[in-house]
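Beneath this line is the structure, given in structure tokens, with notes to follow.
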Amino acid sequence: MDNGFAKKLAELKAHLAKVILGKSEILDELLVALLSGGHILMEDVPGVGKTTLAKALAKSFSGDFKRVQFTPDLLPTDILGSSVYSPRDGSFTFKEGPIFTNILLADEINRASPRTQSSLLEAMSERQASIEGKTYPLPAPFLVIATQNPIEFHGTYPLPEAQLDRFGVRINLGYPAREFEIEILYSQFHHHPLDDVSPILDRGMILAMQEAVRGVKVERSVASYIVDLVDATRRHASVRVGSSPRGALILFRTAQAHAFLQARDYTIPEDVKAVAIPTLAHRLSLDTKAKYAGLAKEDVVREILAQTSVGV
């Protein structure tokens, strides 16, 4: 890895670690998603720092940032934009919506209607938006960070499988360890640590890093291991719908990003294992029996990792 890249990534992680304490592995997953160009879904109980972490990442970037609070009455045009009529000359002028940005924070995405949620599908997969019969390219880089609360279902609309499949990784922050929770109390004694976060990366730096990630070598044995893992999700007894080929492609890219983060220009099976759960778990649909038995999707991926051997 270029020394300049390594220094910037270390600086970025140090900044984020001051905002979200004791979550080094989570920060690595976040950086892997950023480097691989994948979108991020943060799912956890209220108050653990999902929105704070998303805002900290956005503030570490000198590009454009927009935040949208998703609500039941939010319309697709509120995200994509629409044509505005001018009574002066009778013309229509297109006004861009918040999706025309580098980082879009979709806060509590599952509170919006399925119609509004689906307005993000094209943007997330193709980096473009079709509005009123015309296609508009989105700025590069383009990253969606969405948050949702999995335990509150009143007034929410669960994300469909097609939407979940667009996210590169799903991150669960979890509660902090006791010693870090004490530190959290004192870290906000005078002001919020988020106020100290300043831009570290610019658009050119992120694009250069993402291009470098694509150059990380992947042996065919590692690629075969990725396909074996994805195929195992489709044949697992408790899984109704396994990972799609898109899941295999994203696992390939996140493994490259993990190797890059470890300052290597080649991937090893351990890179795949490190990112398999955040990359694959949210793509699985469990059968009814497994759901009522309390089986977690993450446990299914762990079982597959334990049972799948690495080819030579």
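Here are the numbers for the structure shown:
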quantity	calculated
Condition broken by GLU11, with the remaining ones in (1) of a type outside the set (A, V, I, L, M, F, W, C); (2) over 24 Å from LYS217 (Cβ atoms); (3) open to solvent by less than 20 Å² (accessible area, probe 1.4 Å) satisfied	(3)
Unique residue being open to solvent by 50 Å² or more (accessible area, probe 1.4 Å) and among the aliphatic types (A, V, I, L, M) when the list is ILE206, ILE184, ILE171	ILE184
Near pairs, Cβ below 6 angstrom, 6+ apart or cross-chain, from the range 36-54 (at negative phi) to any residue that is surrounded by fewer than 21 Cβ atoms within 10 Å (Cβ to Cβ) and not in a loop (DSSP other than H, G, I, E, B)	THR51/ASP107
Selected residue (criterion: least open to solvent (accessible area, probe 1.4 Å)) from residues of the range 46-55 that are over 27 Å from MET205 (Cα atoms) and either touching a Phe, Trp or Tyr at 6+ places or on another chain (Cβ under 8 Å) or of a type in the set (Gly, Ala, Ser) (or both)	VAL48
Meets criteria (assigned to a loop (DSSP other than H, G, I, E, B) and either out of contact with any helix residue (DSSP H, G or I) (no Cβ under 9 Å at 6 or more places or on another chain) or within 29 Å of LEU27 (Cβ to Cβ) (or both)) for ARG253	no
Helices (runs of 4 or more DSSP H) enclosed by the range 56-161 - at least 2 residues per element that are open to solvent by less than 30 Å² (accessible area, probe 1.4 Å) and either basic (Lys, Arg) or in contact with a Gly (Cβ under 6 Å, 6 or more places away or on another chain) (or both)	76-80
Residue in the range 215-234 that is touching a strand residue (DSSP E or B) at 6+ places or on another chain (Cβ under 7 Å), open to solvent by less than 30 Å² (accessible area, probe 1.4 Å) and not in a helix (DSSP H, G or I) present	yes
Condition check for GLU179: surrounded by fewer than 12 Cβ atoms within 10 Å (Cβ to Cβ), part of a helix (DSSP H, G or I), in contact (Cβ under 8 Å) with a residue 12 or more places away in the chain and over 20 Å from the mean Cα position of the chain (by Cα)	yes
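Condition check ((1) of a type in the set (D, E, K, R); (2) open to solvent by 50 Å² or more (accessible area, probe 1.4 Å); (3) over 19 Å from ALA223 (Cα atoms)) across all residues:
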residue	(1), (2), (3)
LEU249	no, yes, no
VAL272	no, no, no
LEU284	no, no, yes
ALA293	no, yes, yes
ALA306	no, yes, no
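The values are calculated or read from the model by the stated rules, or taken from the named source; none is laboratory data. What you see is a predicted model; the values in this text were computed from it and never measured. Please note: Cβ atoms are built from the backbone with ideal geometry, for glycine as well, and neighbour counts cover all protein chains shown. The accessibility values were calculated without ligands, DNA or RNA, using every heavy atom of the protein model including side chains. Shrake-Rupley method; radii C 1.70, N 1.55, O 1.52, S 1.80 Å.
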